[in-house]
């Protein structure tokens, strides 16, 4: 049975192991690279978990970490952001992604948010499909360049914002992977998605 665990700064080795596993197993799914995270040691991992207002969660199966996700507070009037979602191959197709997304949505709602957003690499079709199944729709907002790490989607990124409420099944999708285009300098832009949140 899969169990979720919110991660604190004292759990930095657990978060580190999950993050390194994600970057090793699915380097194509993240802007960050494995080599970027091998530097810095304990202080760097603790710093990631100490970000004010952030939320980090791991999924455990029989004591092994099989997934992770994070929630980062919004800034500049933007909604909070779903980040670092990963499910290990042995746990895919068993609802772990849904559990992780649900945990971050709950955190966002408890924080008073009315929407949740994310940015995803446009060629990551499985992730985009997961987010769409959970009510995220592509925005027309340009996202950051895929090779640029930023704390939240910024002008120039196409992203997914999720209002924490599910649209009706007949609602048209506001966009899709085709919205992710090359910028003038030829770099690929992330797809920004958003979901409206509603208290149940």
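The values are calculated or read from the model by the stated rules, or taken from the named source; none is laboratory data. Source: prediction; values computed, not measured. Heads up, the Cβs are rebuilt from the backbone with ideal geometry, glycines too, and the neighbour counts pull from every protein chain shown.
Outside any helix (DSSP H, G or I), farther than 23 Å from residue 2 by Cα and either in contact with a strand residue (DSSP E or B) (Cβ under 8 Å, 6 or more places away or on another chain) or modelled with pLDDT of 95 or more (or both), is that true of residue 113? Reasoning before the result, please.
Numbers: outside any helix (DSSP H, G or I): yes; farther than 23 Å from residue 2 by Cα: yes; either in contact with a strand residue (DSSP E or B) (Cβ under 8 Å, 6 or more places away or on another chain) or modelled with pLDDT of 95 or more (or both): yes.
Taking the combined requirement at face value, the residue satisfies it.
Quick one: in region 72-109, which of the residues that are free of Cβ contacts under 8 Å to residues at least 60 places away in the same chain and under 11 Å from the mean Cα position of the chain (by Cα) is farthest from residue 5 (Cα to Cα)? Looking at the filtered set, the residue picked out is 80.
Cβ-Cβ contacts under 8 Å between residues 6 or more apart (or on different chains), taken from a first residue in region 21-34 that is part of a loop (DSSP other than H, G, I, E, B) to a second residue that is crowded, with 16+ Cβ neighbours inside 10 Å and at pLDDT below 75, are listed as 31/146.
Out of the residues in region 182-196 that are over 18 Å from residue 74 (Cα atoms) and part of a loop (DSSP other than H, G, I, E, B), state the one that is modelled with the highest pLDDT. Give the derivation first.
Residues of region 182-196 that are over 18 Å from residue 74 (Cα atoms), as a first pass: 182-189.
Now narrow it down to the ones that are part of a loop (DSSP other than H, G, I, E, B): 183-187.
Details: 183: 47, 184: 48, 185: 52, 186: 52, 187: 56.
For region 182-196, the residue satisfying everything is 187.
Assigned to a loop (DSSP other than H, G, I, E, B), modelled with pLDDT of 90 or more and either more than 23 Å from residue 135 (Cα to Cα) or touching a strand residue (DSSP E or B) at 6+ places or on another chain (Cβ under 8 Å) (or both): does that describe residue 51? Give the steps one after another, and end with the answer.
Numbers: assigned to a loop (DSSP other than H, G, I, E, B): yes; modelled with pLDDT of 90 or more: yes; either more than 23 Å from residue 135 (Cα to Cα) or touching a strand residue (DSSP E or B) at 6+ places or on another chain (Cβ under 8 Å) (or both): yes.
Yes: the conditions hold for residue 51.
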